[in-house]
Amino acid sequence: MRRFQISASHTPSMLVNAKKYLSDRPQLLDCPRCKNHGETELRFVNGFFTYVSFFVLLIFGITILPLFFLWVPFCVETFKDAEHYCPSCRAWIGTYRRLGKST
């Protein structure tokens, strides 16, 4: 009979290829650097989707919308990429990209 080791927190943890599970919300996983189990910290940064949204608003702003709305993609987190960091050692874990492949 084999015994299985249970995590101290009694929750499943992800260590292998955690980057494919990243989203724009904090994720519960193990840090590849310090092996700490916890939720990632998020930092929102301008990405490709931010600039594409800006140019779409610019084109509609010239024809339909007032140009006042051009600042929206740079201020709202929905348009930005999310960078995940370990809460204890501050190591970069990965980036969730709205457009393109997440790294």
For Ile93, residues with placed amide H under 5 Å, excluding near neighbours: His84, Tyr85, Cys86
Whole-Hz Karplus ³J(HN,Hα) for region 34-43, in order, using 6.51 cos²θ - 1.76 cosθ + 1.60 and θ = phi - 60°, x for Gly and Pro? 9, 6, 6, 9, x, 7, 6, 8, 10, 10
Take every Cα-Cα distance within region 21-96, group them into 10 Å bins from 0 onward, and report for each bin the whole-number percent of pairs it holds. 21, 36, 22, 15, 7, 0
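Read the figures in this text as sums done on the coordinates, not as results from a lab. These numbers were taken from a predicted model, which means no experiment stands behind them.
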